[in-house]
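Engineer: The structure under discussion is supplied below as C-alpha coordinates; questions concerning it will follow.
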Amino acid sequence: MRTVSGTLRLDLAQYRELAAFAQFGSDLDKATQNQLNRGKRLTEILKQNVFVPMDVALQVSSVFAGTKGFLDDLRVEAVLPFEKILHRYLSSGHETLLEEVRTAKKMTKEIEEGLAAAVLEAKKLYLADNPSAKV
(Lines give C-alpha, C1' and ligand atoms only; values in the text may rest on other atoms or scores of the structure.)
Protein backbone atom coordinates (compact mmCIF):
# COMPACT_ATOMS: atom_id res chain seq x y z
CA MET A 1 0.00 0.00 0.00
CA ARG A 2 2.83 2.37 0.84
CA THR A 3 4.43 1.91 -2.55
CA VAL A 4 1.20 2.60 -4.42
CA SER A 5 0.13 5.52 -2.31
CA GLY A 6 3.59 7.07 -2.11
CA THR A 7 2.73 10.03 -4.32
CA LEU A 8 -0.87 10.30 -3.12
CA ARG A 9 -0.16 12.70 -0.25
CA LEU A 10 1.96 14.96 -2.42
CA ASP A 11 -0.57 14.85 -5.28
CA LEU A 12 -3.41 15.82 -2.96
CA ALA A 13 -1.39 18.59 -1.29
CA GLN A 14 -0.54 20.04 -4.69
CA TYR A 15 -4.18 19.70 -5.75
CA ARG A 16 -5.40 21.65 -2.72
CA GLU A 17 -2.82 24.36 -3.25
CA LEU A 18 -3.66 24.68 -6.95
CA ALA A 19 -7.40 24.61 -6.25
CA ALA A 20 -7.02 27.52 -3.86
CA PHE A 21 -4.90 29.38 -6.40
CA ALA A 22 -7.26 28.59 -9.29
CA GLN A 23 -10.09 30.42 -7.57
CA PHE A 24 -8.35 33.68 -8.37
CA GLY A 25 -7.22 32.97 -11.91
CA SER A 26 -9.22 31.87 -14.90
CA ASP A 27 -6.57 31.01 -17.47
CA LEU A 28 -4.63 27.97 -16.33
CA ASP A 29 -2.08 26.08 -18.36
CA LYS A 30 -2.74 22.49 -19.44
CA ALA A 31 -0.46 20.94 -16.78
CA THR A 32 -2.26 22.82 -13.99
CA GLN A 33 -5.66 21.81 -15.34
CA ASN A 34 -4.53 18.17 -15.53
CA GLN A 35 -3.27 18.27 -11.94
CA LEU A 36 -6.54 19.78 -10.73
CA ASN A 37 -8.53 17.14 -12.60
CA ARG A 38 -6.45 14.29 -11.17
CA GLY A 39 -6.81 15.73 -7.67
CA LYS A 40 -10.60 15.73 -7.99
CA ARG A 41 -10.54 12.06 -9.01
CA LEU A 42 -8.12 11.10 -6.23
CA THR A 43 -10.39 12.80 -3.71
CA GLU A 44 -13.34 10.79 -5.04
CA ILE A 45 -11.45 7.50 -4.93
CA LEU A 46 -10.65 8.02 -1.25
CA LYS A 47 -14.32 8.23 -0.27
CA GLN A 48 -15.63 5.13 1.52
CA ASN A 49 -19.01 4.27 2.92
CA VAL A 50 -19.32 4.41 6.68
CA PHE A 51 -19.15 1.02 8.45
CA VAL A 52 -18.26 -0.77 5.20
CA PRO A 53 -14.61 -1.75 5.53
CA MET A 54 -12.79 -2.30 2.26
CA ASP A 55 -10.27 -5.05 1.66
CA VAL A 56 -6.71 -3.73 1.56
CA ALA A 57 -6.06 -5.26 -1.87
CA LEU A 58 -9.12 -3.47 -3.27
CA GLN A 59 -7.97 -0.21 -1.68
CA VAL A 60 -4.57 -0.66 -3.30
CA SER A 61 -6.20 -1.29 -6.68
CA SER A 62 -8.29 1.89 -6.37
CA VAL A 63 -5.36 4.06 -5.33
CA PHE A 64 -3.23 2.47 -8.06
CA ALA A 65 -5.86 3.35 -10.68
CA GLY A 66 -5.98 6.94 -9.46
CA THR A 67 -2.29 7.65 -9.00
CA LYS A 68 -1.27 6.01 -12.28
CA GLY A 69 -3.72 8.13 -14.29
CA PHE A 70 -6.23 5.45 -15.29
CA LEU A 71 -9.10 7.64 -14.04
CA ASP A 72 -7.99 10.85 -15.73
CA ASP A 73 -10.35 10.45 -18.69
CA LEU A 74 -13.42 9.59 -16.60
CA ARG A 75 -15.90 12.17 -15.39
CA VAL A 76 -15.53 12.90 -11.68
CA GLU A 77 -19.04 11.60 -10.96
CA ALA A 78 -18.17 8.33 -12.76
CA VAL A 79 -15.19 7.51 -10.54
CA LEU A 80 -17.08 5.81 -7.69
CA PRO A 81 -19.34 3.75 -9.99
CA PHE A 82 -16.24 2.66 -11.90
CA GLU A 83 -14.53 1.73 -8.63
CA LYS A 84 -17.42 -0.64 -7.83
CA ILE A 85 -17.06 -2.28 -11.25
CA LEU A 86 -13.30 -2.56 -10.78
CA HIS A 87 -13.70 -4.21 -7.38
CA ARG A 88 -16.32 -6.61 -8.71
CA TYR A 89 -14.10 -7.45 -11.69
CA LEU A 90 -11.07 -8.11 -9.50
CA SER A 91 -13.05 -10.13 -6.94
CA SER A 92 -14.73 -12.33 -9.52
CA GLY A 93 -11.80 -13.43 -11.63
CA HIS A 94 -8.52 -12.15 -10.29
CA GLU A 95 -8.39 -13.54 -6.76
CA THR A 96 -4.77 -14.60 -7.21
CA LEU A 97 -3.76 -11.05 -8.15
CA LEU A 98 -5.59 -9.70 -5.11
CA GLU A 99 -3.85 -12.26 -2.91
CA GLU A 100 -0.47 -11.24 -4.33
CA VAL A 101 -1.27 -7.60 -3.57
CA ARG A 102 -2.38 -8.56 -0.06
CA THR A 103 0.73 -10.60 0.78
CA ALA A 104 3.49 -8.80 -1.13
CA LYS A 105 5.89 -6.75 0.94
CA LYS A 106 6.64 -4.47 -2.01
CA MET A 107 4.93 -3.74 -5.29
CA THR A 108 6.61 -5.79 -7.98
CA LYS A 109 6.62 -5.11 -11.69
CA GLU A 110 4.46 -8.21 -12.24
CA ILE A 111 1.83 -7.01 -9.76
CA GLU A 112 1.82 -3.54 -11.32
CA GLU A 113 1.40 -5.02 -14.78
CA GLY A 114 -1.41 -7.29 -13.55
CA LEU A 115 -3.20 -4.40 -11.87
CA ALA A 116 -2.79 -2.19 -14.93
CA ALA A 117 -4.22 -4.88 -17.22
CA ALA A 118 -7.12 -5.52 -14.84
CA VAL A 119 -7.91 -1.80 -14.50
CA LEU A 120 -7.87 -1.35 -18.27
CA GLU A 121 -10.15 -4.35 -18.81
CA ALA A 122 -12.59 -3.23 -16.10
CA LYS A 123 -12.55 0.28 -17.59
CA LYS A 124 -13.33 -1.10 -21.03
CA LEU A 125 -16.30 -3.02 -19.58
CA TYR A 126 -17.49 0.02 -17.65
CA LEU A 127 -17.27 2.36 -20.65
CA ALA A 128 -19.10 -0.16 -22.86
CA ASP A 129 -22.11 0.20 -20.54
CA ASN A 130 -21.55 3.90 -19.74
CA PRO A 131 -20.11 5.70 -22.77
CA SER A 132 -21.07 9.10 -21.34
CA ALA A 133 -18.74 8.53 -18.36
CA LYS A 134 -15.76 9.53 -20.46
CA VAL A 135 -14.67 13.16 -20.44
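The values are calculated or read from the model by the stated rules, or taken from the named source; none is laboratory data. All of these numbers come straight from a predicted model, not from anything done at the bench. All Cβ positions, glycine included, derive from the backbone under ideal geometry; neighbour counts span all protein chains shown. Each accessible area value is taken on the protein alone, full model and side chains, heavy atoms only, with ligands, DNA and RNA left out. Shrake-Rupley method; radii C 1.70, N 1.55, O 1.52, S 1.80 Å.
Engineer: With all protein chains present, how much of the accessible area of region 59-135 (probe radius 1.4 Å) comes from carbon and sulfur, to the nearest whole percent?
Structural biologist: Here carbon and sulfur together make up 54 percent of the probe-accessible area.
Engineer: So which residue, out of L86, L36, L18, gets the largest mean-square fluctuation from a GNM of the chain using Cα contacts under 10 Å as springs?
Structural biologist: Among L86, L36, L18, the largest GNM mean-square fluctuation belongs to L18.
Engineer: Hey, got the Cα dimensions of the chain along the principal axes, in Å, largest first?
Structural biologist: So the extents along the principal axes, rounded to whole Å, are 48, 35, 32.
Engineer: What chymotrypsin sites (Phe, Trp or Tyr not before Pro) in region 1-61 are in a loop by DSSP, with at most 10 other Cβ atoms within 10 Å of the Cβ?
Structural biologist: Those that pass, being in a loop and sparsely packed, are F24, F51.
Engineer: Would you kindly state how much longer the chain becomes between A19 and K134 on full extension, computed as 0.36 nm times their sequence separation minus their alpha carbon distance, in nm to one decimal?
Structural biologist: 39.2 nm
Engineer: While we're on this one: Using a 10 angstrom Cβ neighbour count of at most 10 plus a DSSP loop assignment to flag exposed trypsin sites (Lys or Arg not before Pro), which longest range of the chain is free of such sites?
Structural biologist: So the longest stretch without any such site is 48-104.
Engineer: If you don't mind, another one. Give me the Å³ per residue figure for the convex hull around the C-alpha atoms of region 39-107.
Structural biologist: For region 39-107, the hull spanned by Cα atoms encloses 93 Å³ per residue.
Engineer: Can I ask one more? At 1.4 Å probe radius, can you tell me the per residue accessible area of the chain in Å²?
Structural biologist: With the other protein chains kept in place, the chain gives 62 Å² per residue.
Engineer: Using modelled amide H (1.01 Å from N, peptide plane; none on Pro or chain starts), what sits under 5 Å from the amide H of L74, excluding residues fewer than 5 places away?
Structural biologist: V135
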